[in-house]
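Okay, so here's the structure we're looking at.
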Amino acid sequence: MDFDIAILTDARYVDPDPTVPYDCQILLEEAWLVHYLGQLGLRAKRVAWDDRSVNWSVVRGAVLRSTWDYFDRFDEFSPWLEGVARLTRLVNRYDLLQWNMDKRYLADLAEQGVDIVPTRYFERRQACDLAAEMRRFGWTEAVMKPVVSGAARLTFRIDSQNIADMQATFERCIAEEAMMLQPFMRSVMEQGEISLMVVDGQHTHAIRKTPKAGDFRVQDDHGGTVHPHIATAEEVAFAENAVAACPVVPAYARVDLVRDAASKLRVMEMELVEPEMFFRFCPASAQRLAAAIAARLG
């Protein structure tokens, strides 16, 4: 192989379309990392995770960056990842990736004292009366989603007006995969979601994501927008403490925070697999991540 480190992406983004801003943005983000790894004497190349021409036994390391089809192809991705982990060093570590791909990790964080958005989990084919669950916990609105997901896949907002339809949707979903239920965080509509980037356990920069009018999903796939954000000392401490509660300190993490009705910070998600790190807001964070990757390669 003519490279030391594979920057893993989705096959759709290997050769970005220069006329599509989103594709160019992905290329720019990953180009920063390739550049700074090069400064450390490490040859990096962007590679689709499912590229069968790669001989992983001669690649020193692989960094998951924009493998944004993994949750749609999980039955393929999971055994592929396990096999590659036997042949080369993954960043983040394989055990961390396994832990983080299933959103039950939030329960583990809660056990470590991290405040999360309250979450109920339901195994595949488990019966659930959504209205009864919401009454039980005093939730007037809720959000349901799969425990393995991304980009707001099968994510729905539930209220008294649509609960009958959502019950039917939930039953279709739970027949195929495990699901989770959380109270709807109204602050997302009013303040957005704060994302803090953490490299080697330390905060580097932050952004704020806001949904488009009338929606609650902050992902740009659904019309959300991204804005610079200067994290407060409270937000930094909260995010770093959440990362410290992981089984081991990850090389990189993105901690998505919201405030509840009492303005208390809570973890909505902690992304360790393939989080967008928004290097365009702070290129120096890509340099710090390159150093963290190099250190893990020894």
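Evaluated with a Cβ-only charge set (Lys, Arg +1; Asp, Glu -1), the chain carries a dipole of roughly 420 debye about its Cα centre, given to the nearest 20. Projecting the Cα positions of VAL255, PHE278, GLY298 onto the charge dipole of segment 249-298 (unit charges on Cβ atoms of Lys, Arg, Asp and Glu, taken about the Cα centre) puts GLY298 furthest along the positive direction. Taking θ as phi - 60° and the Karplus parameters 6.51, -1.76 and 1.60, the scalar couplings of segment 162-167 work out to 10, 5, 5, 5, 5, 4 Hz in sequence order, x denoting glycine and proline.
On average, how much accessible surface per residue is there in segment 1-116, in Å², for a 1.4 Å probe, leaving out ligands, DNA and RNA?
48
Rounded to the nearest 5, what % of the DSSP beta bridges within the chain are antiparallel ones? Antiparallel: roughly 70 percent of the beta bridges in the chain. Where only DSSP H runs of four or more residues are counted, the chain gives -10000 deg cm²/dmol as its mean residue ellipticity at 222 nm, each run worth -39500 (n - 2.57). Compared with the dominant principal axis of the Cα atoms in the chain, helix 233-244 is inclined by about 70°. Residues whose amide H comes within less than 5 Å of that of LEU64, counting only those at least five positions distant or on another chain, are LEU8, VAL91, ASN92 (H built at 1.01 Å from N in the peptide plane). Against the chain, whose longest principal axis is taken from its Cα atoms, helix 283-297 shows a tilt of about 70°. Across the chain, Cα pairs under 8 Å and at least six residues apart give a relative contact order of 19 percent.
Return a single number: how many Lys pairs in the chain, at a sequence separation of 8 or more or on separate chains, have alpha-carbon atoms below 24 angstrom apart. Mind dumping the intermediate values first?
On the way: LYS103/LYS145; LYS103/LYS209; LYS103/LYS264; LYS145/LYS209; LYS145/LYS212; LYS145/LYS264; LYS209/LYS264; LYS212/LYS264.
Total qualifying Lys-Lys pairs in the chain comes to 8.
For the chain, the longest principal axis of the C-alpha atoms and the axis of helix 21-39 are separated by about 50°. For the chain, the residue among VAL143, GLY201, ILE5 whose Cα projects farthest onto the positive side of the dipole built from Cβ charges is GLY201. Residues whose amide H lies under 5 Å from that of ARG46, counting only those 5 or more places away or on a different chain, are ILE7; hydrogens are built 1.01 Å from N in the peptide plane. Normalised by the number of residues in segment 231-298, the mean separation of alpha-carbon contacts (under 8 Å, six or more apart) gives a relative contact order of 23 percent. Distances between every pair of Cα atoms in segment 27-126, grouped in 5 Å steps from 0 to the bin holding the largest one, split as 2, 10, 17, 19, 17, 14, 10, 7, 3, 1, 0 percent. Taking Cβ atoms as reference points and 12 Å as the exclusive limit, the residues near ASP10 contribute a net charge of -4, counting Lys and Arg as +1 and Asp and Glu as -1.
The values are calculated or read from the model by the stated rules, or taken from the named source; none is laboratory data. Quick caveat: nothing in here was measured; it's all calculated off a predicted structure. Here the Cβ is made from the backbone with ideal geometry for all residues, glycine too, and neighbour counts use every protein chain on show. Note: accessible area is taken over every heavy atom of the protein model, side chains too, but ligands, DNA and RNA are not part of it. Shrake-Rupley method; radii C 1.70, N 1.55, O 1.52, S 1.80 Å.
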